Amino acid sequence: ALAGQDHPVIVVGAGPAGLSAALHLAEAGVKVLVLEAGGQIGGKVKGWTRDLDGSELDVEHGVHGWWDDYTEFTALLQRSGLGEVLGEADGAGGFRGPTGELDTGTWKGARAFVKRFDAKARELGYDQPRKALRAGVKWLRAQTPAKARSALAGQSVAEWNASGAPLSVWRAFDEVFAWSMYFVAPQDLDASEFALGAQVYDCGTRSSRQVRWLRGNPQRLIWEPLAERLRGLGGEILLGQRVSEVVIERGRAAGVRVGRALPGLQLMEVDQGWTTHEREGAAPIFVHRDGDRIRAFSGRCTHAGCPLTKSEAGFDCACHGGRFDEDGHPVEGPPDKDLQELFVDEGADGYHVEGEPPPELLRASAVILAVEAPALGPLVGSLIPGASELRGTRHAAARFWLDQDFPDSVATAALLEGMTHSSNAFLVHRMQDKAASWAAITGGSVIELQAFKALPAEREALLDALEAELFVAYPELAGAKVLDRALSDGVEFTHFFPGWHQHAPKTRSPVPGLLLAGDYVLTERNCGFMERAVHTGRLAAVAATEAMSS
């Protein structure tokens, strides 16, 4: 419907980076169009709901916290009147695993942790741990992104440690922090990214290491209000708009093509019941015959475009838990739109099932790509050298609703050690208002495990494995019953592999009018994750306004 119209700026992607860029442009009076491939805004920070006995339960890609260093994201929330969505600052946390819990938020736990750190440092060859720690912290604080990347030259964390990395808490417990913060093992993680992360999250003052947890579902508390504000400023957001190409004319970005023509099917016969027909590089097509009536559905989930599988009751999305009935209507999880029904034509040579329609051309004076790292390379091809090298890493967040609460002495957040799959644990009912209300009424609790290691491919097997680890990590739950459970599983989180920055783009691409934003975009400021996404979104907005005037 928008084909042929001109837009000053098109932003591709409605996660923290894309919405940051769009809001900065709209605040400056620039009319902006945001295109999001999925059925929700929020990117890796989105949430949705499910029902349990009439109670609406929140589900997310994973709980998120804001450190004091997240100044631009916090400012974005405050400008939009959302400063109260974050809870009180909390420095409590600890380590937990099969050997028990160490809560660093208590005086006793902090002393035990210091002893443990000293012992670990001596195991690593540091005879004077405190002196070595002071020197290590001094070195880390002196680093800039450029200095760290030059000094460590694409080494992995494991290689850096083997060559004598300066001592820090992260150095001493590199396995724990690599998995917890970056979702990969030390041998698969870039040393400079790890060092810069240690500077932000470990080497500041105690107050700077305080974290403020979001008080509930990010969709309700952040993304929907930000979208409403953007629309009030004249911006527009369109969901389910998968950009397939950046259009280049006369050497500069001139717009995008939305959608990708997908192949249909030619069938000689259609069997009774359901049949699944795979397509190379595209979601499958599901065909159903009931007597003489034939129907076909696109197997692309209307939430985020993931390929579906046929189940006994309908169609399932393994990524985010979406489910559709056999008429294509969403019945569970985040999807809120029906599956696309495809036209079936019977002819002399059999049955032709149409594919999805061809793309539209949307013109713009500047284009900001704020997509996830794995999506950048296929979208830009050779326009941005190195983009095809960027990739994601698999992550899972399992949330459990239990009929039993935890003792007050159990830490709200924990880094998990010695677990086969899990790396982080959060007592959500102590962080989020709706979860707290549910727990107060039922006497139960809500806990989330985040897992990145050796994950089973099948959804129920993964949930079963994480549920088993929940009771290993928390023996206090002996006898507790799991009332409900939900899983988010995907590969969108950026993999900061050794030397990733040699392939990573800057905000301004080699193509005039084409800008980049995201947590994989290089900046002079040391920041990461959500904060880097929001920061680069602002930088891209500034560059887009300059591109419009050139």
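The values are calculated or read from the model by the stated rules, or taken from the named source; none is laboratory data. Here the structure is a predicted model, which is why all the values come from computation and not from measurement. Here the Cβ is made from the backbone with ideal geometry for all residues, glycine too, and neighbour counts use every protein chain on show. Just so you know, the surface numbers come from the protein's heavy atoms only, side chains and all, with ligands and any DNA or RNA stripped out. Shrake-Rupley method; radii C 1.70, N 1.55, O 1.52, S 1.80 Å.
The table for this structure:
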{"read-out": "Full-extension gain in nm, ARG525 to ASP484, via 0.36 nm per residue minus C-alpha separation", "value": "10.5 nm"}
{"read-out": "Contact order normalised by residue count of the chain, Cα under 8 Å, 6+ apart, percent", "value": "22 percent"}
{"read-out": "Over 30 Å (Cα to Cα) - which of LYS115/LYS434; LYS44/LYS434; LYS44/LYS506 fall in this group", "value": "LYS115/LYS434"}
{"read-out": "Accessible-area ranking of HIS495, HIS320, largest first, probe 1.4 Å", "value": "HIS495, HIS320"}
{"read-out": "222 nm mean residue ellipticity, helices alone, for the chain (DSSP H n ≥ 4; -39,500 (n - 2.57); rounded to 500)", "value": "-8500 deg cm²/dmol"}
{"read-out": "Residues whose placed amide H lies under 5 Å from that of HIS64, excluding near-sequence neighbours", "value": "LEU214"}
{"read-out": "Cβ crowding within 10 Å averaged over residues, with 270-278, 117-125, 140-148 ranked highest first", "value": "140-148, 117-125, 270-278"}
{"read-out": "Two-site FRET efficiency, GLU56 against VAL114, from Cβ-Cβ distance with R₀ of 45 Å, rounded to 0.05", "value": "0.55"}
{"read-out": "Among (i) 24.5, 85; (ii) 24.3, 79; (iii) 24.3, 74, the entry derived from the coordinates for Rg and Dmax of the Cα atoms in Å", "value": "(i)"}
{"read-out": "Pair ASP325, ALA153: separation of 7 Å Cα→Cβ label points (nm)", "value": "6.4 nm"}
{"read-out": "Cβ-Cβ FRET estimate between THR276 and ASP349, R0 fixed at 30 Å, reported to 0.05", "value": "0.85"}
{"read-out": "Placed amide H near HIS7: partners under 5 Å, 5+ positions off or other chain", "value": "ARG363, ALA364, SER365"}
{"read-out": "Set of aspartates and glutamates near LYS31 by C-alpha distance (under 16 Å), chain-local residues within fewer than 8 positions excluded", "value": "ASP6, GLU228, GLU236, GLU546"}
{"read-out": "Share of carbon and sulfur in the accessible heavy-atom surface of the chain [1.4 Å probe, %]", "value": "50 percent"}
{"read-out": "The stretch 243-325: trypsin sites (Lys or Arg not before Pro) in DSSP loop, at most 15 other beta carbons within 10 Å", "value": "ARG250"}
{"read-out": "Reachable lysines from LYS138, criterion Cα separation under 17 angstrom, eight or more residues apart if same chain", "value": "LYS147"}
{"read-out": "Peptide ranges 105-116, 235-246 listed from the most packed, as the mean C-beta count within 10 angstrom indicates", "value": "235-246, 105-116"}
{"read-out": "Segments 370-376, 52-58 sorted - mean Cβ within 10 Å per residue, highest first", "value": "370-376, 52-58"}
{"read-out": "DSSP H segments from the chain that extend 20 Å or more along their own axis, Cα-based, with Kyte-Doolittle mean of -0.5 or above", "value": "459-473, 529-549"}
{"read-out": "Theoretical FRET efficiency, 1/(1+(r/R0)^6), r = Cβ-Cβ of ASP336 and LEU383, R0 30 Å, to 0.05", "value": "0.35"}
